[in-house]
Amino acid sequence: MRKWTAADIPDQTGRLVVVTGANSGLGLETTRAMAQRQAHVIMACRNLEKAEVARQELLRQLPQAQLTVRALDLSRQASVHALPRRFVRSISALICSLIMRG
Ligand SMILES: NC(=O)c1ccc[n+]([C@@H]2O[C@H](COP(=O)([O-])OP(=O)(O)OC[C@H]3O[C@@H](n4cnc5c(N)ncnc54)[C@H](OP(=O)(O)O)[C@@H]3O)[C@@H](O)[C@H]2O)c1
């Protein structure tokens, strides 16, 4: 059986995809893959400085990418509740790239 790769991701035009932990590791690679497929990716990150560095690096490689940084600390309920409802309702896909440990 053929292995699934990121090349199998279908076109994401018109979709709003939120990736948590998007400034490094799995989240960064997920962001890259979804942006390459024309998604508008919201990079939901705790560390906004690291997120902006990652966004700029991705834009150097993918100048057409639609990337927006948004603050989100998943360990703080107030941070999650601060997301505007209208924004949450418009999300097409939410990809969590981190495992929270209690
Ligand atoms: N990489 C692998 O091959 C692999 C394999 C199996 C499992 N995993 C698991 O998958 C998860 C991600 O791995 P990774 O390699 O991508 O790790 P990573 O490079 O350390 O990335 C973790 C991301 O999660 C963010 N984060 C941590 N706590 C957060 C919080 N409270 N709110 C919002 N964002 C938060 C970090 O943001 P900051 O920059 O703010 O810290 C960072 O962007 C880990 O749990 C890891 O154990 C990874």
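Here, each number is a calculation from the coordinates, and none is a lab measurement. Since this is a predicted model, take the numbers as computed values, not measurements. Cβ: placed from backbone, ideal geometry, glycine included. Neighbour counts: every protein chain shown.
How would you classify the stretch 12-96 from its alpha-carbon gyration tensor, with a ≥ b ≥ c the square roots of the eigenvalues: rounded for a/c under 1.5, else prolate if a/b is greater than b/c, otherwise oblate? Here the stretch 12-96 falls in the oblate category.
The alpha carbon convex hull volume per residue for the stretch 25-72 rounds to 60 Å³. Using R0 = 25 Å, the C-beta based FRET efficiency linking Q61 and T5 works out to 0.85.
Proximity of backbone amide H atoms, modeled 1.01 Å from N, is registered between L72 and C45, R46 at under 5 Å, excluding neighbours fewer than 5 places apart on the same chain.
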